[in-house]
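Q: Can you keep this structure in mind? I'll have questions shortly.
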Amino acid sequence: MVSNHITILDVHVLAIRYQPCFIAAAGFADWGIPGKIYKVSGGLFVNTYSKDEEERVRVMKFLKDRQVYT
């Protein structure tokens, strides 16, 4: 399942119901408690402005390692 969210609460509801792998903008890692929760849960933080091939490969490897198929 791939999902976006409308509010910050949507993320928590999805986390309770499923065992998701979170991918978020890099700046979110510094958002206090929510950022720490997603770090601990193994979330991936990406530079959303990057057009670097290495960043794209890193995201694809993250998804493949978690058996998320694109």
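The values are calculated or read from the model by the stated rules, or taken from the named source; none is laboratory data. Here the structure is a predicted model, which is why all the values come from computation and not from measurement. All Cβ positions, even for glycine, are placed from backbone atoms using ideal geometry, and neighbour counts span all protein chains on display. Please note that ligands, DNA and RNA were not included when accessible areas were found on the heavy atoms of the full protein model with its side chains. Shrake-Rupley method; radii C 1.70, N 1.55, O 1.52, S 1.80 Å.
Q: What are the residues whose amide H is under 5 Å from the amide H of Ala24, where those residues sit 5 or more places off or on another chain and H is modelled from the backbone?
A: Result for Ala24 returns Leu44, Phe45, Val46.
Q: What does the charge add up to near Gly42, with Lys and Arg as +1, Asp and Glu as -1, over the other residues with Cβ less than 13 Å from its Cβ? Mind dumping the intermediate values first?
A: On the way: positive: Lys36, Lys39, Arg66; negative: Asp65.
Once positives and negatives cancel, what remains is +2.
Q: Just the accessible area for Phe62, please: 1.4 Å probe, Å², rounded to the nearest 10?
A: 20
Q: Helix-only mean residue ellipticity at 222 nm, the chain, DSSP H runs n ≥ 4 weighted -39,500 (n - 2.57), per residue, nearest 500. What is it?
A: The helix-only estimate for the chain comes to -13500 deg cm²/dmol at 222 nm.
Q: Hey, another quick one. Only one of the values [x] 5.0; [y] 5.5; [z] 4.7 was calculated from this structure for mean projected area of the Cα convex hull in nm²; name its label.
A: [x]
Q: Which order do you get for Leu14, Leu9, Leu44 if you rank them by accessible area with a 1.4 Å probe, largest at the top? Before the final figure, lay out the partial values.
A: On the way: Leu14 45, Leu9 115, Leu44 15 Å².
Output order, biggest surface exposure first: Leu9, Leu14, Leu44.
Q: A follow-up question, please. Per 0.36 nm of contour for each residue apart, how much would the distance between Lys36 and Ser50 grow if the chain were fully extended, relative to their Cα-Cα spacing?
A: Details: separation 14, 0.36 × 14 = 5.04 nm, distance 2.30 nm.
Using 0.36 nm per residue and subtracting the Cα-Cα distance, I get 2.7 nm.
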